[in-house]
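Everything below concerns the one structure shown next.
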Amino acid sequence: MKSITAKFGKTPHQPSLWTRADALKVRADDPTTTQPLVSADFPVLSDKVFIWDTMPLRDIDGNITSVDGWSVIFTLTADRHPTDPQYLDQNGNYDITRDWNDRHGRAKMYYWFSRTGKDWKLGGRVMAEGVSPTVREWAGTPILLNEQGEVDLYYTAVTPGATIVKVRGRVVTTEHGVNLVGFEKVKPLFEADGKMYQTEAQNAFWGFRDPWPFRDPKDGKLYMLFEGNVAGERGSHTVGKAEIGDVPPGYEDVGNSRFQTACVGIAVARDEDGDDWEMLPPLLTAVGVNDQTERPHFVFQDGKYYLFTISHTFTYADGVTGPDGVYGFVADSLFGPYVPLNGSGLVLGNPSSQPFQTYSHCVMPNGLVTSFIDSVPTGESGTTMRIGGTEAPTVGIKIKGQQTFVVAEYDYGYIPPMLDVTLK
Ligand code: FRU
């Protein structure tokens, strides 16, 4: 296969590259880009369900929005099975780790509401059983459309396949809480095409998911970010000069890094309702660097485009590494060129002493970063883990030019609204 430049031609834009040289600058445990330690005595939102990816209700410009004073979040959710024989070990004890690790296969979209932007109360499932066309309801974005309370939920319908879909419903409030109604008709939008975005046929480990629609503050058009991999058969990608970047002598060997082909995808809507989409070449590629750039999202600040995406240690390519966490890139216009924040891209990573403490960070326009607790070491030896499946403490970061700084820590699951909409 050809280099990225040859692949996407001259129009309409060239993807920006996160290079191996950029990734060599990643430094775990730099206090300005490291999430404070999460204590092992964290509270859990629910002992009935695990939650992970958290999707705050927002408007199309990205502002976190409450309705009639109620904050609403959507979460990927799966039942906990403390008594199910399937999840008991040989001694009859609950194997929570196995239950937690299996959760992706039974992920469903749930919602929660709150008066305080924390202390979330469980609302229930967003869609009734049988509404979503596939087994797994994976991440996406709920968007409040108007003062009638209409909500478009964009998400990923997975297994079989992976399709970006949307379902429309409505948020209804009372004195006592929030109900989601409707959400009965799921509309498929698009799938990977095999030309720009890798398909399952090209790579069984492909990623195509996590839609994040937005209106470009400059051109006013409706777009959508999503996670993808660069098209092509697995193993056929080239890690050339451009993907390697300006590395010191001795760092030219890329090993098997051709297997890591993450990208941040973008599509443009052909209509105002967001029912008809055209995929465009990726905004950013990480060929030879990392295999997953998940849940991409923007913060628009100071006339700039701050692009954030989450990634893992285990998805890095040979010869480069970094912590689980959120990475970022900045550009002066939507189609780039993007440069990595802090030189490396790392914005908020787990400390090396607790490498799996949190994941699925979402940077909100007010600088608050929400994530979920995965697992935290316990006891003297630190060899046993406490599984989370609940909201992590929110972290505050300051975004300044091409740099970011950790500046604050807040309560567990603190997601305050930036706007309140009074429903008509
Ligand atoms: C991130 C993620 C998403 C995906 C979901 C599946 O934590 O991997 O990319 O939609 O979790 O559970």
For this session: Compare 21, 286, 128 in a GNM of the chain, Cα atoms joined below 10 Å, and give the one with the largest fluctuation.
Result: 128
Seminar exercise, completed: Filtered hits (aspartates and glutamates, Cα-Cα < 19 Å from residue 121, offset >= 8 within chain) -> 47, 53, 68, 79, 175, 391, 411, 420
Problem set entry | Pairwise FRET efficiency - residue 174 versus residue 128, Cβ, R0 = 22 Å, nearest 0.05 | 0.60
For this session: For the stretch 98-117 and the stretch 401-417, compute the distance between their C-alpha centroids and round to whole Å.
Result: 22
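Just from its helices, what would the mean residue ellipticity at 222 nm be for the chain, if runs of 4 or more DSSP H residues each count -39500 (n - 2.57) and the sum is divided by every residue, rounded to the nearest 500 deg cm²/dmol?
Working: 4 runs with 20 residues, N = 424.
Rounded to the nearest 500, it is -1000 deg cm²/dmol.
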For this session: Kindly report, to the nearest 10 Å², the accessible surface of residue 422 as traced by a 1.4 Å probe over protein heavy atoms only.
Result: 90
Exercise. Want the number for residue 424 to residue 276: 0.36 nm per residue separation, take away the alpha-carbon distance, what's left?
Worked result: 50.4 nm
Exercise. Within the stretch 129-162, whose backbone N sits under 13 Å from a point 7 Å along Cα→Cβ of residue 106?
Worked result: 136
For this session: Provide the FRET efficiency to the nearest 0.05 for the residue 86-residue 205 pair, computing r from the beta carbons and using R0 = 25 Å.
Result: 0.45
For this session: Please arrange 187, 398, 195 by accessible surface area, largest first, computed with a 1.4 Å probe and ligands excluded.
Result: 195, 398, 187
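How would 106, 98 rank on accessible area, largest to smallest, probe 1.4 Å? If you can, show how the numbers build up before the last one.
Values: 106 50, 98 90 Å².
Output order, biggest surface exposure first: 98, 106.
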For this session: Calculate, for the chain, the solvent-accessible area per residue in square angstrom, rolling a 1.4 angstrom probe over the heavy atoms of the protein chains.
Result: 40
Exercise. Which distance in Å, rounded to a whole number, links the C-alpha centroids of the stretch 176-213 and the stretch 314-349?
Worked result: 23
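Compare 80, 27 by solvent-accessible area with a 1.4 Å probe and give them largest first, with all protein chains kept in place.
Reading off the accessible areas and sorting them downward yields 27, 80.
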Problem set entry | Anisotropy class of the chain from Cα gyration tensor, a/c 1.5 cut | rounded
Exercise. Share of the chain's accessible area from carbon and sulfur, percent, 1.4 Å?
Worked result: 51
For this session: Let me have the relative contact order for the stretch 196-236, percent, based on Cα pairs under 8 Å that are six or more residues apart.
Result: 48
Problem set entry | Using a Förster distance of 45 Å, the FRET efficiency for residue 150-residue 241 (Cβ separation, nearest 0.05) | 0.35
Exercise. For residue 400, which aspartates and glutamates qualify as cross-link partners when the Cα separation must be under 16 Å and same-chain residues fewer than eight apart are set aside?
Worked result: 302, 332
For this session: Quote the relative contact order of the stretch 1-126 in percent (integer), defining contacts as alpha-carbon pairs under 8 Å separated by 6+ residues.
Result: 18
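The values are calculated or read from the model by the stated rules, or taken from the named source; none is laboratory data. Since this is a predicted model, take the numbers as computed values, not measurements. Reconstructed Cβ throughout: ideal geometry from the backbone, glycine too, with neighbour counts over all protein chains shown. What goes into the accessible areas is simple: the full protein's heavy atoms, side chains included, and nothing from ligands, DNA or RNA. Shrake-Rupley method; radii C 1.70, N 1.55, O 1.52, S 1.80 Å.
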